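The values are calculated or read from the model by the stated rules, or taken from the named source; none is laboratory data. Because the structure is predicted, anything quoted here is derived from the model rather than measured. All Cβ positions, glycine included, derive from the backbone under ideal geometry; neighbour counts span all protein chains shown. Just the protein is used for accessible areas: all its heavy atoms, side chains included, with ligands, DNA and RNA removed. Shrake-Rupley method; radii C 1.70, N 1.55, O 1.52, S 1.80 Å.
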Number of protein chains: 2
Amino acid sequence: MKTIVPFKRVGAKSRLSDLLTSVEREEFALRMLCDVLIALSGSLVDEVEILSTGGAEELMDDLRGTLSEDLALMGMDIEVMVDMKPLNDALNGVIARCEQPVLIMMADIPLVTPESINAMVERSEDIVVSPGRKGGTNALLIRKPSLFSVSYYGLSCIEHLNRARECNMTSAIHDSFFMSVDIDEADDLVEVLIHGEHTYSARYLNDIGLHLHADKESKTRVEVERWI
Amino acid sequence: MKTIVPFKRVGAKSRLSDLLTSVEREEFALRMLCDVLIALSGSLVDEVEILSTGGAEELMDDLRGTLSEDLALMGMDIEVMVDMKPLNDALNGVIARCEQPVLIMMADIPLVTPESINAMVERSEDIVVSPGRKGGTNALLIRKPSLFSVSYYGLSCIEHLNRARECNMTSAIHDSFFMSVDIDEADDLVEVLIHGEHTYSARYLNDIGLHLHADKESKTRVEVERWI
């Protein structure tokens with residue numbers, strides 16, 4: 001199965017700017033992409049196309065630099081396609097030419113696991129949506145991509161299920177916590193630090209001084225703090 | 001399999017007080033409990049013990065009133081035990097006397113599905129934790145309850161996995177988005193309104209005038225609003 005991973009590095013993750021500098025946000029975006037690639041390589045997916053808004057050669061160099069031996073061990077075709085168009089236009093341009101089933105996976109879900117990817121791609125429905133919080137679509141399996149179009153942003157999870165119905169396609173929701181955790185805000189980093197011990201993303205956050213802080217006064221409050 | 005569902009009604013869900021009155025919060029807590037019971041009744045679970053801080057007869061009456069025919073259709077033993085002790089003390093008192101495997105499930109996860117419950121109870125590990133956001137434990141499967149003790153609040157997900165290790169028990173994390181959505185804050189209600197069309201909880205929120213509002217200016221902002 002082929003997977004398309006849209007990736008934007010320049011100006012990535014602006015809502016993390018209270019905690020991370022712009023250089024750190026770009027580095028962190030690369031680490032999250034690495035974690036997604038590692039999870040894909042452990043799954044049934046055998047081919048990845050990274051749809052990048054930046055230079056292809058530079059991104060491949062950076063992936064080689066960060067992943068080093070892990071990249072060789074992956075045994076998965078990775079290709080970078082450069083596309084400067086807005087997300088929906090870029091994706092719809094690509095899937096219009098796909099004759100085989102395709103999985104679209106966001107690059108900011110570093111906790112995603114091979115098991116969850118496999119459970120998703122093994123489903124039999126025409127369209128399978130893996131939701132993020134607030135109605136987003138963090139992964140989307142499309143059996144007949146040339147007959148479908150995507151619509152990200154807003155309540156895209158509902159939008160994709162509605163489109164499936166309009167196209168007379170069967171659909172399902174894939175129920176995965178680790179796929180639902182897309183990293184946009186400081187509170188999302190809490191999840192990476194709690195569950196991501198094995199990830200490039202958590203190691204990077206630790207390296208730049210981010211750590212969990214549990215408020216002793218409150219029974220439930222857990223936050224991310226930064227050593228000055 | 002037996003399931004224990006701790007339930008607190010009086011003063012429930014105080015962090016929703018900007019949107020719901022105290023009477024509405026108590027009503028909503030009851031609706032969420034009903035959704036959890038419905039999901040359990042569709043799963044392999046055949047026995048539920050509600051561990052309540054309030055009167056048993058009154059709660060059973062209210063469940064009958066809200067669930068009406070659904071309750072009879074459940075075909076599941078439901079018992080209410082009153083226990084005024086703090087959550088951990090109450091639960092540890094109960095599981096110390098359990099000789100059979102037990103599932104502890106929070107009452108504020110109205111999106112939980114029978115499929116996810118079954119996938120959880122069919123796992124082979126001694127301890128299975130289903131995390132909520134920020135390190136909580138929304139469901140906990142314990143094979144040998146009399147040899148374990150629970151510790152809710154804070155990073156309980158990590159705490160329960162650590163305790164399993166200390167007890168030489170095997171453990172796993174159950175990866176479910178719908179189980180991860182516990183309802184504490186206004187933002188959590190967004191998930192109920194997006195995914196919970198079939199639930200008592202979403203119907204109740206609709207009845208009292210709550211609805212989703214997608215900000216046209218922002219590509220991603222979705223909130224819950226209330227008709228005045």
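The table for this structure:
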| item | result |
| --- | --- |
| Net length gained if the chain between B:Asp207 and B:Asp77 were fully extended (0.36 nm per residue, minus Cα distance) | 43.8 nm |
| Contact order relative to length of chain B, as percent, for alpha carbon pairs under 8 angstrom and 6 or more apart | 21 percent |
| Whole-Hz couplings from phi, Karplus 6.51/-1.76/1.60, listed for the stretch B:153-159; x for Gly and Pro | 6, x, 7, 5, 4, 5, 4 |
| Chain A, helix-only ellipticity at 222 nm - DSSP H runs n ≥ 4, -39,500 (n - 2.57), divided by all residues, nearest 500 | -11000 deg cm²/dmol |
| From the C-alpha gyration tensor of chain A, square roots of 5λ in Å | 29, 21, 16 |
| Of A:Lys8/A:Lys144; A:Lys134/B:Lys13; A:Lys13/A:Lys85; A:Lys13/A:Lys134, pairs whose Cα-Cα distance is over 22 Å | A:Lys8/A:Lys144 |
| Heavy-atom accessible surface that A and B bury in contact, both chains counted, 1.4 Å, Å² to 100 | 2800 Å² |
| Closest-to-axis residue of chain A (Cβ criterion, axis taking A to B), whole Å | A:Phe177, 2 |
| Chain A - charge dipole about Cα centre, Lys and Arg +1 at Cβ, Asp and Glu -1, debye rounded to 20 | 640 debye |
| Percent accessible area from carbon and sulfur atoms, the stretch A:72-131, protein chains only, probe 1.4 Å | 51 percent |
| Relative contact order %, the stretch A:3-52, counting alpha carbon pairs below 8 Å whose residues are six or more apart | 58 percent |
| With Cα atoms, 0 to 90° folded angle of helix A:186-195 axis to chain A main axis | 90 degrees |
| Protein-protein interface of the stretch B:130-144, residues with accessible area decrease of at least 50 Å², isolated chain reference, 1.4 Å probe | B:Arg133, B:Lys134 |
| Ascending list, in nanometres, of distances separating the B:Glu57 label from those of the other copies (7 Å, Cα toward Cβ) | 8.3 |
| Tilt relative to chain B, helix B:56-67 - C-alpha long axis, 0 to 90 degrees, to 10 | 50 degrees |
| Accessible area of chain B divided out per residue, in Å², using a probe of 1.4 angstrom | 44 Å² |
